[in-house]
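Q: I am attaching a structure below and will ask some questions about it afterwards.
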2 protein chains.
Amino acid sequence: MGDEFCSCDIVHENVIEMVKKKMPQEEKLYDLAELFKVFGDTTRVKIISALFEAEMCVCDIAELLHMTQSAISHQLRVLRQARLVKHRKEGKVVFYSLDDEHIKAIFNQGLEHILEPRGFEYAIS
Amino acid sequence: MGDEFCSCDIVHENVIEMVKKKMPQEEKLYDLAELFKVFGDTTRVKIISALFEAEMCVCDIAELLHMTQSAISHQLRVLRQARLVKHRKEGKVVFYSLDDEHIKAIFNQGLEHILEPRGFEYAIS
DNA sequence: TGTTCATATGAACAATTGCTCATATATTAA
DNA sequence: TTAATATATGAGCAATTGTTCATATGAACA
């Protein structure tokens, strides 16, 4: 009532209060969204999927995905900043690999969801 | 060598071939990225986090998050299309709730990752 | 029927994002 | 040092995204 965000009168104040108390800190939810954002790009998912199988250098990944070295390097930077990949230098060549087991877990959970026999369509038309 | 995407000579063909064979279908990876993309927005994460606690109507969510009814409604549409939320009508009021258990799983995996005592910073600066 | 109200939706706009291109950095070898 | 090469990075641009605003839809009720 008289609220500046919603003109509705039907507001369940008790529910809102309860949820407000139970919800994680705003900052935590922000960080969570930032993490998922990193996974929310086809190129990055492909890179992660590739590194899931083997350590690879920038050049290998570019060739594998048929993309430019620059594009791959830019995305690897994002993955590095999110600490999802590690890198190891060997002369001029930089080898990338997955940083930890969490990625596999998150990744596989997502895959299960996708593969569920429910006729999903993520068309954001 | 002579590749159109990378000017490097150091390409590990055997690794690339191996990875290429093992990687999931391109389409699956695309769908996976689309799923994560839905989780990759603060507003949507907040909505999911709220519905994690209780079923709520559009108006409740708008008030809880201090956002307009329109903004919330638009985001609920995205969540609906990704089949992450269900809705139930009761007169003029539409109640939303989480669609299934997978969300909790994916969500919590992400939180664990975030909460790991490693000094994470997802600053995409 | 017409009015009220909860929600949905289309258009427009600003902010963000992912790529390309050019160039910088860093390492190796001559 | 200079040349060659693997990777990194900044600027610019097109495409995408999230919000606002105005309006449409649909349900309850006088």
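The values are calculated or read from the model by the stated rules, or taken from the named source; none is laboratory data. Please read these numbers as outputs of a predicted model, since none were measured by experiment. Methodologically, a virtual Cβ is constructed for each residue, glycine included, from the backbone with ideal geometry; neighbour enumeration extends over all protein chains shown. Remember, those area values only see protein heavy atoms, side chains included, never the ligands or the DNA or RNA. Shrake-Rupley method; radii C 1.70, N 1.55, O 1.52, S 1.80 Å.
Q: From the list B:17, B:34, which one is under 30 Å from residue A:91 (Cβ atoms), modelled with pLDDT of 90 or more and among the acidic types (Asp, Glu)?
A: Being under 30 Å from residue A:91 (Cβ atoms), modelled with pLDDT of 90 or more and among the acidic types (Asp, Glu) holds for just one of B:17, B:34, which is B:17.
Q: When you go through B:54, B:71 one by one, which is the residue that is at the interface with another protein chain (Cβ under 8 Å from one of its Cβ atoms) and at negative phi?
A: From the options B:54, B:71, the qualifying one is B:54.
Q: With B:11, B:94, B:78 as the choices, which residue is modelled with pLDDT of 95 or more, open to solvent by less than 70 Å² (accessible area, probe 1.4 Å) and within 7 Å of chain A (Cβ to nearest Cβ)?
A: Checking each option against the conditions leaves just B:78.
Q: Could you list, in sequence order, the residues of segment B:64-74 that are surrounded by fewer than 20 Cβ atoms within 10 Å (Cβ to Cβ), near DNA strand C (Cβ under 9 Å from one of its atoms) and either under 20 Å from residue B:99 (Cα atoms) or of a type outside the set (Ser, Thr, Tyr) (or both)?
A: Within segment B:64-74, B:69, B:71, B:73, B:74 qualify.
Q: Please go through segment B:32-63 and pick out each residue that is near DNA strand C (Cβ under 8 Å from one of its atoms) and not hydrophobic (A, V, I, L, M, F, W, C).
A: The answer is B:60, and nothing else.
Q: Further question on the same structure: Going through segment B:38-85 one residue at a time, which ones are closer than 21 Å to residue A:18 by Cα, away from DNA strand D (no atom under 11 Å from the Cβ) and either under 13 Å from the mean Cα position of the chain (by Cα) or not in a helix (DSSP H, G or I) (or both)?
A: Those that are closer than 21 Å to residue A:18 by Cα, away from DNA strand D (no atom under 11 Å from the Cβ) and either under 13 Å from the mean Cα position of the chain (by Cα) or not in a helix (DSSP H, G or I) (or both): B:48, B:49, B:52, B:53, B:54, B:55, B:56, B:57, B:85.
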